[in-house]
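Beneath this line is the structure, given in C-alpha cells, with notes to follow.
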Amino acid sequence: MNKKILNFCALALASTGLIAQEQQKETTVQKLDEVVVSDSRFELKRENSGKTVIKITEAEMERNQGKTIAEIINTKSGIEINGSRSRDGEVFGLYVRGGRGKQVLVTIDGVRVSDPSSTSSEYDLRLLSTANVASIEIIKGAASTLYGTNAATAVINITTKKVSEKNISGNFQSSLGTQQTASDQNYNISEFTNSALVSGTVSKFNYSVGFSNRYSDGLSSLITEENEKDFFSNYSTDVKLGYEFSEKFNLKVYANQTKYRSSYDESFGYYDADYLYNSDQERVGLVSEYKYSDNGSIQLNAAYTNYESESVSSFPSTYTGNNYTADIFNKYVFNDQFFTILGLNYIQDESEFAATENITITDPYANVVYVSPFGLNLNVGARFNNNSEYGSHLVYNVNPSYSYSLDNGYVKVLGSYATSYITPSLSQLYGFFGANPDLEPEESETIEGGLEYSNDKLRLSALYFNRDENQTIIYGTLGYENVDGYIKAEGVEVELDWSFCKSFNLSSNYTFTERTGDTAIRIPKHKVNANLAYQISDNTNATLSYAFTGERYDTNFNTFLNEELSSFSLVNLYFSHQLFSNKLKVFLNAENLFNEEYTEVIGYTTRGRNFRLGLNLTL
C-alpha cells in the first residue's frame, strides 16, 4: 500500500508541474522576487543563486505555531529529524542528505552555535524557542567556504524576530494540547506553551525582551508495561538592545538563557527508569555593521556561549563547555555585478575532561559572486582552515548557474563542486572514552546539478547530489580513528511550489537518498511531504499536510541487531482565524488525523492523533 502511495505522490508531483504551466495569472504572489541570503550573505534574487536554498518564511512559521523547530524543519526536502514525531523533547538525530548531525551547522542571526561539550559538537535543537523565530533559511550542500567547520551537508540559519518600529509593541502566544499515543486516545491536556515578546524603537535606540516556556508530561519515553509519564520542560529568555549611532554605523548586543529538563528511560533493555537530563545554555554576543560607502561595509559577529548539562542515570555524568566565536568580514559590490566577501573567522572551543582542554580555529576566507547581465552567475570561494591541533586545511567551492529569462519567469541550470571539513570534537580528541589526539579532520567532496523553473505562480525544481566522505571519524576497536573512503551518499530532490489559484497554494517535495558504507541507520530512502494551503477568507485559512517516510533501518538494543522499519504516512490539519482587526488569532492544530501506529525509533513512543488549541495576540 505504501509503495502505491509513493508512486502516486511522485506522479502527482510531476504532473502538477506540467499542468501549472498552462494556468493564467490569478494571484499577486511574486515568486520571481524571492530573495535568498544564506548562500552568499548578500540579498540576491533566487534566480541569481546557484545553490539549493529553502526558505521558511514568517507566514509559514505562523502557520506552525505551537510546533517545535525540529517539527517544522522536518517537512523540508532532504531532511530527516528523528524524534520530531515522538514524545515532546525527543531528538535522536538530524540527518541531511544522508549525513549525520555533526555535518549540519546551525547559526542564529548569522552567528554559529555549537556545543563543544557534546561528542560531535552538535547544537541541540531543543534549545531553540519557536516563539522568537521569524524565519529560517536552509542552504543544502557543502558550505564550509563561507561557514567553516561542520557545514558539510547543510547550514540552518535561524533569524529571530525583528524589533518593532513602534515605541512599544507586544506579541503573546499561548497553546495547550494533548500528548497521546495511537493506542491510548485519552485526550488529556498535557502540553502547554506560552511566550511573550515586547519590543520597540525610541529614536535611535531599539530593544526586545522575550520569554517562552514549553511543558509536557503526557507520554512515556519508552513503550513499556508501566507506561509511566516522562516530562519535558523548556524555559528561554532573550534580550536584545540596539543603537543606531548614524546611518553608517549600528550596534546590537544580545543575551539568551535557556534551561530544559527532560526525564527519560533506559534504552539498554528498554525499561522504565527515573532518569533525568538537565541542560543549561547562556549566550551573549554582539552584531555590528559599519557602512563606509554605498557599496561597502564591514560587519562583526561575535558571541560567547556556556553549556552545562547533567545526566542523572545509572551512569551519571556532567558536561561543561564554552565556545567563543568571532567573524569579521568586508562586503563590497562592484558595478552591481561582483559581490565580494573577505573575512576572518575565529573559534575557540573549551571543555572539561580530566583537565580543561581547548582548540582554536583561525580561518581567513574569501568569496565572490558574479551576476552577469546575460544570465550567467558564478559563486566561487576558498577558506584556509588553521587548527591548533592538526594544522592547516584548504576548502573551496565552484558554483556556476545560468538563468534564461522567459516572458513570465525563468529557467535555471545550476551545478556545484565544493569541499568541506569537520573538525574533530574535544571529546574525540581528549574525552574519557577512546580519545585520540592525532585525529585528522573529516573531509567531503560534494557535486550537485539541477534545473529550476519559476514564474509568478509556480516554482518547480529537481536536483541531484553526490557526496564522497573521506577521513571519516568512527569509533573502532581502539577508540576513535579516521577511516578513508568510508561513506558515500547520493540522491535526488524534487520540489514544487504552486499557487494554482487565488486561494490555494500547493507545496510539496520528494527526496530519494542512497547512503553506502554503513547501514544508514534511521535514514529513509524515500520521503514525501505535501502541504495544501487554502485561504478561506481574508481572516481565515487552513492547511492540510501529508508526510510519507519510507523504510529505513534502526538498531535494536535488546539484540544489538539492525532491523528494517516499515514506512508510514501522517496527515495533519491546521486552521486559524483572525479577530479584532487581526490583533487576535486563534488556531487549531490536528496531527496524525488517521491515528496511524508507526515506529520512529525501536522501543520508543510515537504520537498518535493529537490536538493543539492556541491563540496569538498582537498589541
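One table, with the values for the structure above:
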read-out	value
Reach of K331 by Cα under 16 Å, taken over aspartates and glutamates that are not fewer than 8 positions away in the same chain	D39, E43, E289, D294
Whole-Hz ³J(HN,Hα) from phi, Karplus 6.51 cos²θ - 1.76 cosθ + 1.60, for segment 506-514, glycine and proline x	10, 10, 8, 8, 10, 10, 10, 10, 10
Sum of side-chain charges, Y207 neighbourhood, beta-carbon under 13 Å (Lys, Arg +1; Asp, Glu -1)	+3
Net charge contributed by nearby residues that have their C-beta within less than 9 Å of L276 (K/R +1, D/E -1)	-1
Average Cα contact separation per residue, segment 372-471, under 8 Å, 6 or more apart, as relative contact order %	22 percent
Where Rh is the Kirkwood radius over Cα pairs, Rg/Rh for segment 275-357	1.24
G93 long-range amide H proximity, modeled H, under 5 Å	N82
Candidates per chymotrypsin sites (Phe, Trp or Tyr not before Pro) in segment 355-387, loop by DSSP, up to 10 other Cβ within 10 Å	F374
Residue order, fewest to most surrounding Cβ atoms within 10 angstrom, among I81, I473, I536	I536, I473, I81
Quotient of C-alpha Rg and 2.2 N^0.38 Å, computed over segment 511-619	1.43
Å³ per residue enclosed by the Cα convex hull of segment 440-583	188 Å³
Radius 10 Å from Cβ of P437, net charge of other residues (Lys, Arg +1; Asp, Glu -1)	-3
Across K76/K259; K412/K457; K102/K525; K162/K204, pairs whose alpha-carbon gap is larger than 23 Å	K76/K259
Segment 23-182: relative contact order in percent, alpha carbon pairs under 8 Å with at least 6 residues between	22 percent
Sequence-distant residues sharing a close amide H with F500 (under 5 Å, placed H)	L506
Relative packing of 563-569, 425-431, which averages over residues the other C-beta atoms within 10 Å, highest first	425-431, 563-569
Per-bin percent of Cα-Cα distances, the chain [10 Å]	3, 15, 27, 29, 19, 5, 0
Centre separation in Å (Cα based) which lies between segment 103-175 and segment 561-575	26 Å
Protection proxy ranking of 538-546, 53-61 - average other beta-carbon atoms within 10 Å, highest first	53-61, 538-546
Under-5 Å amide H pairs with L44, H placed in peptide plane, nonlocal only	V36
Reciprocal of mean inverse Cα separation for segment 288-408 (Kirkwood radius, Å)	17.8 Å
Electrostatic dipole magnitude of the chain [Cβ: Lys, Arg +1; Asp, Glu -1; Cα centre; debye, to 20]	2140 debye
Estimated [θ] at 222 nm from DSSP helical runs (n ≥ 4, -39500 (n - 2.57)) normalised by residues in the chain, nearest 500	-1500 deg cm²/dmol
Segment 161-191: trypsin sites (Lys or Arg not before Pro) in DSSP coil with no more than 15 other Cβ atoms inside 10 Å	K162, K166
Whole-angstrom gap from segment 463-489 to segment 238-289, using each part's C-alpha centre	31 Å
Length-normalised contact order for the chain - Cα pairs under 8 Å, 6+ apart - percent	13 percent
Cleavage-rule hits, GluC sites (Glu not before Pro), segment 207-266, DSSP coil, Cβ neighbours within 10 Å at most 11	E225, E226, E247
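Bear in mind that the values in this text are calculations on the coordinates, not laboratory data. Quantities reported herein were computed from a predicted structural model and do not represent experimental measurements. Reconstructed Cβ throughout: ideal geometry from the backbone, glycine too, with neighbour counts over all protein chains shown.
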